[in-house]
Each structure stands twice: as structure tokens, then as C-alpha cells.
Amino acid sequence: MNPSESVLSSDIALQSRYPDVDTLTAHTLRFLAVDAVQKANSGHPGLPLGVADMVTTLWTHFLKINPLDPTWANRDRFVLSAGHGSALLYSLLHLWGQHYSLDDLRQFRQWGSVTPGHPEYDLKRGVEITSGPLGQGLASAVGLALAERWLAAYFNRPGYPVVDHFTYVLASDGDLMEGVSHEAASLAGCWKLGRLIVLYDDNRISIDGSTALSFTDDTAERFRAYHWHVQEVDGHDMNAISRALEAAQQESERPSILICKTHIGWGSPRQDSSKAHGEPLGVDDLRRTKEALGFPLEPAFYVPAAVREHLCAVEQRLDGQQMVWEGMFARYCADYPDLAAVWQDWQKGSLPAGWESCLPVFEEGKPLATRSASGKVLDAIFPHLPFLIGGSADLTPSNNTRAKDAADLLPPDYSGRYIHYGVREHAMGSIMNGLALHGMRPYGGTFLVFSDYMRPAIRMAALMKLPVVYVFTHDSIGLGEDGPTHQPVEHLTALRSIPNLVVVRPADANETCAAWRMALKRTDGPTALILTRQALPLITPTENPAARGAYVLADPQSGAEPQLTLLATGSEVSLALEAQKLLAAQGTAVRVVSMPSWELFDAQPVEYRRDVLPDGIPCLSIEAGMTFAWAHYVGRSGASLGLDHFGASAPYQVLYEKFGLTPENIASRAQQLLKELA
């Protein structure tokens, strides 16, 4: 029998055994995923085998997407929070015609493939979010669902449901164990996100064995306490899953969770075993599984003709849904042309023309904390940037993150643009990622020391190149009496180590304004603004090159060639200027360079960098934080003045004096360095 005859024979046998094409589709999905894992000899077969019935029901009968246009604005969002099940997602996207070939599945987890080990954001291929670190997908989905409600409030008009879609999440035990899911689920219930639907794969198995070893929560009661709509269903009963999804769609006041009882590794010899989680089935167990379900052993990556025909019809139906929406949107454009124009700006991710002219100008006045300057910038630009949406982790008065014209975003009116996250920094970071994925321009504030709580979400934003803005205030020992628990010393270095995150520590109000301009114009990654509690003098020009990362703020007034460069950031730049005066009185000519952003400076042409920091002129860096990473700029001939230890509780002026961050000590250290190099 030749291969084509063998396939035809298998098709006939399978159609006879599985007259319900949905069941056959679920089995096809299972084996595409486990074949991919087996071919790679790496991956997670247990989840695809266990959840195939759930996701087949969802994707075939409920999910509103268009495989011909994965970027359709009003599509439902599907978030695979359990990112280790990526083989399932790629198999789904292949079957539903979204730019993944069988060859792509065969290259699962290989160099240069489009099917990496955990999903990576690729909207044109249908991957809505980078997931993998458990809990991040679910928490970001809360941001997606919140954005849907805000956009609906902004754009929808009677008879025109322009924004009208659901956010679905497939979550695992691990997602619900991670603390960020607790934070985000609490907020989702508070915000009454009725269009958020979570399918929880409750298989009661984790890598170490039974979840009873470490996870004995009453999940149903926990989510009821969060004000969620809770249903418990058999995750292998498609009819029960369908009824539960219908009920979830009808629930408008509460987010929904379907607690789906499943068997990890369903149908395989490893069913209900932790061995099904994270290693290939192996040749023998894969053969036994296929034999048990009547699936052909060869060829691998087999898709029955009946499944192809069935899903082709599904794709045509889905394409028709978008066509109906586009007809409605054409009428909307005629009736609401101004809103339609704003819609186009939102779709393109562009900022309104002329918005930069609204930025404030700081020319004179009393010293001003950069957190206060940031607040003035927000006051000025907020009315002109409709998709700028802000918030704080219960530190609004301290972060200065609430613009004077901002209304709270709270149900039932979702049109406000200020979010109260409560004391939930991690959820705030993840939710901002979801907002950004949905086309919003989010910013959120907390103390810099609490960026530790947000770091996983910041890293995900950097991976996905999302234009999120973090407003981190109380940036150093300058916050004073709260003491070392609240005084960040290592945090600047930690944030600077994250690839694709731009960290900006402005020296005064003018650099703060420039930092906001840069952050909002940036579209390929997140930006962290590092702002002071204490007031700083106005020392930089209104039009300054802070966006270049570093620039010469002051050369010797004598016109002499600099003997040394004082290289400083933030609140220490004004100290460097005072030290320059002291050194000049001692006959020592020094240059002062303000360096608000390492990342922006490193992106400049080499000629510019050499002009600012010339070869042969030693550097002394000054920053109220860890010093070891400054060696990249000061080199072996330079030195660094900072804090390689924790702070203390005292007024900030005392702390700066005790820890040597004074003009006098800077000048003394500069003279010492020059003597050492003589």
C-alpha cells in the first residue's frame, strides 16, 4: 500500500470511529503537539493531551478570530498563560490556518524557527503575548480585558459595537500558585471585567508530583471571594464545556473562571503522572497512545481530511464575522468621522500631531523635585493624548502620577484614565503590559525600591518591545527618614541590566520633560523614569540633549582643557557642578557631564560618545547607588563615588553628608584621583 492509500485508509477508519468531528479535531490537535515534542525530543506533552477537548470547543464554537487577518482589531484575545504548552498553541494556529505550516511544527524548539519553546509575541502569526513565566499571561490578560472595556466606552455608540470582544485565558495550576495571579484576579473582580474568561486546567499534577504536596487551596471559593463567576466542569466533556462557556459569555458583571477537571497526559500510559509534564512520551508510549485512540502511527503530523474540511468551514464563518463588522464600521465612519479618525490613530499607534508643543517649559523658579516636575508634565500633556492611561500602586500623592484632569477608571463607567492598582506592584506591571498589547500607552508609579516586585513584568515588557513607562520615585537615600528598607541602592544597576529597557534618571525639571518626550516617542520598548523626592535646582537648558543619554553640561569657564570629567546622574549632577566650582578655585579644570541614560548614550554614534567622554581624560562618576557597573564608563584610570552599602534612617541632607555625597568630598576625591594618575 502506497503512502497516499495508507492515508486514505486511515481517514476512512477515523471517520468511522469518530463521527463527531470535534472529537476527531481534538485528537488531531493532541497528536500534532506530541509529535512536535517527540521530534524535538524536548517539550511538554502532558498539557496538550489534557486540554485538547477544552480548547477545541473554545476555538471551534466560541473564539471570534479571523485566520485570514490575525490583527483584526475586534478579535477575541486568546492568552496561553500556561506557556509551556506552546506546542498546543502552534498546532491550534496551524489547524486554524494562521501562518504555521507542518514544517514549522517539525522545527519546534529549533534554532531560527517560528515555534520556540514558549510562545513569543508575534501578532501577525496569531500569538497574542509572550508567556512562559507562570502567572504573567493571566495577569496581562486582565490588562487586555480592561483595555477592551475602556476602548468600548471611548468608541462605541448606540448601534455601533465597534469594540465588543472577549479575552480568554488558558491557565494551569502553576499560574494560580504564582502570587501575581492573586493580585491580578483581585483587581479583575474589583473592576467587574465580565468579558474576561479563564479556563483553568485543573489536572492536580505539578512537576514535583501531586499538587496536594503544596497547593491545597479551595480555588472555587478563592475566586468567589474575588467576586468572580465560578463554574466547575469536566474538562473532557465538550458539551459541558460548551454550556459553561455560554454561561460565562452571558455574565457581564463578573469575570469568569471555568475550573476544568482534566487528566494530564490524557490517553497516554503516563496519564495522571508528573512524568507527562515536561518530557517527550518516547517512541513506545507515543505508539501506545496512538494505538489506544486509533490514530495512525505514520505519518507523524497527520491531519485527517475530515478535520481539514471542518476547519475550512469554520474559517469561512470567522471571515464572515469580520466582514459583517467591517460593514458596520464603514457606517460608523460615515456617522462619526471624528471618532473614526481617532480610531485610525489608535490603530497605527501614533501620537496626535503637535502634542509636543504642550510640554511645559521650566525656565526659573524654586528648586523642584523631579517627581513634581513629572507631575507637571503629565498635567500638560494628558488632555492631548487620549490613549495615555496612568496609575499607581497606592502611592498616587507620592508618585505625582495623577494628572489634574484625570478621572478614575472604575465600573460601571470605564471612560476614566486613572487606575488605582492598590498595593499590587507586580500585577500593575503585568496589567500595563496587557494595556500596551491592546494599543494603550500605559504608565504606572511606585517607589524605585519596589521595582523589585515588578521586575518579572518589566522583563516581559522589554522582551515584547512594549512602550510602557514606569514612574519610579524616591530614587535614592534622598528619600531620607524611611531608612534602608525603602532606600534603593542596587536598583539602578539591576534595571540597567535588563536588555531593551531604557532607564532615565533626570537631573532637574528640564531633563524630566525631555525624558517624558523620549519615553512617549519610543515605540520599541519600555522606559523607566527614575525621579527624586527631594527638590533639585534648575541647572540644565530648556532645550537640552538629554535624549542622547549624556551631554556636556559645563566645561571649565577658564577655557582650559579639562583635566578630569565629573560624570553624574540625577540629583548628583548639581553636586558635580558645585564641585566644579571648588576645583576651579583650586586651579583644577574639570568638565561636568550629565548622563541621564546609559542606554540612550550607548546608542549614539561613536564619534558623539568620544566627544562627550574623550579618550585620555579620566572620569569620576557620582551617583547615589552601587558603583561597580560604572567601570564601563570610567575605565581603569577612573573612579566612582557612590553607595556600595545600604543606607540609613535620617534626614536626607545628613545622609548625603555622612556618605560623602557632597561637593567638598567630590572635589577631594577628584584631586586624589588626579594625584594617583600623576
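The values are calculated or read from the model by the stated rules, or taken from the named source; none is laboratory data. Everything quoted here is computed from the prediction, not taken from an experiment. Note: ideal-geometry Cβ built from the backbone for every residue, glycine included; neighbour counts use all protein chains shown. Accessible surface is based on the protein model in full, side chains and every heavy atom, while ligands, DNA and RNA are left aside. Shrake-Rupley method; radii C 1.70, N 1.55, O 1.52, S 1.80 Å.
Rounded to the nearest whole Å², what accessible area per residue is found for segment 189-233 with the 1.4 Å probe?
About 46 Å² of surface per residue is accessible.
Can you classify segment 428-558 as rounded, prolate or oblate using the Cα gyration tensor, where a ≥ b ≥ c are the square roots of its eigenvalues, rounded means a/c under 1.5, and otherwise it's prolate if a/b beats b/c and oblate if not?
Taking the square roots of the gyration eigenvalues as a ≥ b ≥ c, segment 428-558 is oblate.
Quick check: Cα centre of segment 111-152 to Cα centre of segment 319-350, how many Å?
Between the Cα centres of segment 111-152 and segment 319-350 lies a distance of 24 Å.
Counting only protein heavy atoms and a 1.4 Å probe, tell me what percentage of the chain's accessible area is made up of carbon and sulfur.
Using a 1.4 Å probe with all protein chains present, the chain comes out at 51 percent carbon and sulfur.
Check cross-link reach from Lys521 to the lysines: straight Cα distance under 21 Å, and skip same-chain residues fewer than eight apart.
Lys348, Lys376, Lys465
Taking Cα pairs under 8 Å and at least six residues apart, what relative contact order does segment 172-251 come out at, in percent?
33
Show me, for segment 477-489, the HN-Hα J-couplings you get by feeding each phi into the Karplus relation (A = 6.51, B = -1.76, C = 1.60, θ = phi - 60°), rounded to Hz, glycine and proline as x.
Ordered by residue, 3J(HN,Hα) equals 4, x, 6, x, 5, 5, x, x, 5, 10, 9, x, 10 Hz.
Quick one: putting +1 on the C-beta of Lys and Arg, -1 on the C-beta of Asp and Glu, what dipole do you get for segment 476-617 around its Cα centre, in Debye to the nearest 20?
That gives a dipole near 220 debye.
Just want to confirm a number: the relative contact order over the chain, from Cα pairs under 8 angstrom separated by 6+ residues, in percent.
11
What is the set of long-range amide H partners of Val590 at a cut-off below 5 Å, with H atoms built 1.01 Å from backbone N?
Gln563
Just report the Cα centroid separation between segment 232-253 and segment 627-650, whole Å.
58
Report the extension gain between Val552 and His420 in nm, rounded to one decimal, defined as 0.36 nm multiplied by the number of residues separating them, less their alpha carbon distance.
Between Val552 and His420, full extension yields an extra 43.5 nm.
So if each residue of separation counts as 0.36 nm, and I subtract the Cα-Cα distance between Ser6 and Asp452, what length gain in nm does that give?
154.8 nm
Could you go through segment 653-663 in sequence order and give the Karplus-derived ³J(HN,Hα) for each residue, using 6.51 cos²θ - 1.76 cosθ + 1.60 with θ = phi - 60°, rounded to whole Hz, and x for Gly and Pro?
Result, ordered by residue: 4, 5, 4, 4, 5, 5, 9, x, 9, 10, x Hz.
State, as an integer percentage, the relative contact order of segment 207-274 based on alpha-carbon contacts under 8 Å between residues 6 or more apart.
Values: 70 pairs, mean separation 22.6, N = 68.
RCO, segment 207-274: 33 percent.
So how do 414-427, 126-139 stack up, highest first, on mean other-Cβ count within 10 Å?
Values: 414-427: 20.9, 126-139: 26.3.
My ranking of the peptides, most packed first, is 126-139, 414-427.
Under a Cβ-only charge scheme (Lys and Arg +1, Asp and Glu -1), can you give me the dipole magnitude of segment 303-420 about the Cα centre, in debye to the nearest 20?
260
Which is farthest toward the positive dipole end of the chain among Tyr421, Ala87, Met518, measuring Cα position about the Cα centre, with Cβ charges +1 (Lys, Arg) and -1 (Asp, Glu)?
Towards the positive end, the residue furthest out is Met518.
How much accessible area per residue does segment 541-678 have, counting only protein heavy atoms and a probe of 1.4 Å, in square angstrom? All intermediate terms of the calculation are to be shown ahead of the outcome.
On the way: 6380 Å² over 138 residues.
Computed with neighbouring chains in place, this is 46 Å² per residue.
Amide H to amide H under 5 Å from Ile389: which residues, 5+ apart in sequence or cross-chain, H placed 1.01 Å off N in plane?
Arg441, Tyr443
Which net charge results for the neighbourhood of Gly189, defined as the other residues with beta-carbon distances under 15 angstrom from its beta-carbon, given Lys and Arg at +1 and Asp and Glu at -1?
Here the count lands on +3.
Candidates [x] 1.09; [y] 1.03; [z] 1.30; which is the computed Cα Rg over 2.2 N^0.38 Å?
Read-out from the structure maps to [x].
Considering only the other residues whose Cβ falls under 10 Å of the Cβ of Asp405, what net charge follows from Lys and Arg at +1 and Asp and Glu at -1?
+2
If you take the charge dipole of segment 437-548 about its Cα centre, with +1 on Lys and Arg Cβ and -1 on Asp and Glu Cβ, which of Val503, Thr446, Gly478 is farthest toward its positive end?
Val503
Which of the peptides 467-480, 524-537 is most tightly packed, and how do the rest follow, going by the mean number of other Cβ atoms within 10 Å of each residue?
467-480, 524-537
Taking amide H positions as placed 1.01 Å from N in the peptide plane, with prolines and chain starts having none, which residues 5 or more places from Tyr421, or on another chain, fall under 5 Å of its amide H?
Long-range HN contacts for Tyr421: Ser392, Asp394.
Charges at C-beta only: +1 for Lys and Arg, -1 for Asp and Glu. How large is the resulting dipole of the chain about its Cα centre, in Debye rounded to 20?
So the magnitude is around 580 debye.
Mind ranking 562-573, 454-465, 269-280 by how tightly packed they are, going by the mean number of other C-beta atoms within 10 angstrom, highest first? Walk me through the numbers before you get to the answer.
Working: 562-573: 26.0, 454-465: 21.3, 269-280: 18.2.
Descending packing order for the listed peptides: 562-573, 454-465, 269-280.
Would you mind counting up the charge near Pro537? Only other residues with Cβ under 14 Å from its Cβ, with Lys and Arg at +1 and Asp and Glu at -1.
Net of charged neighbours comes to -4.
Of Leu24, Gly549, Pro45, which is farthest along the charge dipole of the chain in the positive direction, counting Lys and Arg as +1 and Asp and Glu as -1 at C-beta?
Result: Gly549, furthest along the dipole toward the positive end.
Using only Cα atoms and rounding to the nearest 10 degrees, what angle (0 to 90) does helix 572-585 make with the longest principal axis of the chain?
Orientation of helix 572-585: about 20 degrees from the principal axis.
Given a 1.4 angstrom probe, what's the average accessible area per residue across segment 384-496, in square angstrom?
Accessible surface, normalised per residue, equals 29 Å².
What is the distance in Å between the Cα centres of segment 526-586 and segment 357-426?
27
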